[in-house]
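Only one structure is covered here, and it is reproduced in the block below.
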Amino acid sequence: MKKVLSKIGSFFGTVFALIFALIFGVCVVFYLPIDYIKYKRSHYYKTERKKYSLFAATGMHFELYNLIAKYNLPIKYVKNPKDDSLDCGWFVFGDTLFIIDDCGFEYEKENGEWIHTAYIYDDDENGKCVEEPLLEFFKTEITETNDLAGKEICTKAVVLLDGSIFDNAELAKQQEGFLVYNDSLAETLKTFCEKG
């Protein structure tokens, strides 16, 4: 009886896996032309003329690059001399580095301090969790950015946070190191740049 149940479970597991793969494949096939057209119409493509790659028109770096160009914001994009992909470059206003984060920040009420948590992987794909207070995180990011750029491009940093997905958005708005946006990233960036 156990063998029969095992075979039935295996059969249904295989069927569900095939259905999932089919649905995923159909979604990708329908999405890729939209992504390709979006990429070809983007400011990034018009200025950089880089060949399209899969899902090239996705991601925060792509959106930010195009917003800056569309609204003619005084934020410059600095290419990474070691890796010219868009996600490896930096956005800088004056001497302020914009850090695009995946909401890896938590507020610790006990110390009244913001902590950044990240997983760092070595060459063998072994990961370790690293936690840093906000100011230490900024120092690390600024130092690494300047080292990779081969020159000093920033002395300060600010983290861009999407308030619609970040749990502590209201609290983060009160912290100087965060630039929280909800509906319009472009308006938030304009305001930031006007304040200088």
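The rows are residues; the columns are (1) at pLDDT 90 or above; (2) of a type in the set (Ser, Thr, Tyr); (3) surrounded by 14 or more Cβ atoms within 10 Å (Cβ to Cβ); (4) not in a loop (DSSP other than H, G, I, E, B).
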| position | (1), (2), (3), (4) |
| --- | --- |
| 33 | no, no, no, yes |
| 47 | no, yes, no, yes |
| 57 | no, no, yes, no |
| 62 | yes, no, yes, yes |
| 68 | yes, no, yes, yes |
| 73 | yes, no, yes, no |
| 99 | yes, no, yes, yes |
| 138 | yes, no, yes, yes |
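Please state which one of 79, 50, 70 is assigned by TED's automatic domain parsing to the domain that holds residue 180, under 24 Å from residue 189 (Cβ atoms), without any contact (Cβ under 8 Å) to a residue 40 or more places away in the chain and out of contact with any Lys or Arg (no Cβ under 6 Å at 6 or more places or on another chain). First the steps, then the outcome.
Values: 50 fails: assigned by TED's automatic domain parsing to the domain that holds residue 180; 70 fails: without any contact (Cβ under 8 Å) to a residue 40 or more places away in the chain.
None of the other options fit; the residue is 79.
So for region 113-123 (the condition being closer than 17 Å to residue 75 by Cα and either assigned to a helix (DSSP H, G or I) or over 18 Å from the mean Cα position of the chain (by Cα) (or both)), does at least one residue qualify?
First pass over region 113-123, keeping only residues closer than 17 Å to residue 75 by Cα: none.
Scanning region 113-123, I find no residue that is closer than 17 Å to residue 75 by Cα and either assigned to a helix (DSSP H, G or I) or over 18 Å from the mean Cα position of the chain (by Cα) (or both), so the answer is no.
Hey, among 171, 148, 189, 179, which residue is farther than 26 Å from residue 58 by Cα, surrounded by 14 or more Cβ atoms within 10 Å (Cβ to Cβ) and touching a strand residue (DSSP E or B) at 6+ places or on another chain (Cβ under 9 Å)?
On the way: 148 fails: farther than 26 Å from residue 58 by Cα; 189 fails: farther than 26 Å from residue 58 by Cα; 179 fails: farther than 26 Å from residue 58 by Cα.
One residue alone meets the criteria, 171.
Only one of (1) acidic (Asp, Glu); (2) touching a Ser or Thr at 6+ places or on another chain (Cβ under 7 Å); (3) within 27 Å of residue 71 (Cα to Cα) fails for residue 106. Which number is that?
Evaluating residue 106 over (1) acidic (Asp, Glu); (2) touching a Ser or Thr at 6+ places or on another chain (Cβ under 7 Å); (3) within 27 Å of residue 71 (Cα to Cα) leaves (3) as the failure.
Here is a check on your reading of the model: is residue 84 surrounded by fewer than 12 Cβ atoms within 10 Å (Cβ to Cβ), within 18 Å of the chain's Cα centre (by Cα) and assigned by TED's automatic domain parsing to the domain that holds residue 165?
Working: surrounded by fewer than 12 Cβ atoms within 10 Å (Cβ to Cβ): yes; within 18 Å of the chain's Cα centre (by Cα): yes; assigned by TED's automatic domain parsing to the domain that holds residue 165: yes.
For residue 84, the condition - surrounded by fewer than 12 Cβ atoms within 10 Å (Cβ to Cβ), within 18 Å of the chain's Cα centre (by Cα) and assigned by TED's automatic domain parsing to the domain that holds residue 165 - is met.
The values are calculated or read from the model by the stated rules, or taken from the named source; none is laboratory data. Since we're looking at a predicted model, the values are computed, not measured. Note that each Cβ is placed from the backbone with ideal geometry, even for glycine, and that neighbours are counted across all protein chains shown.
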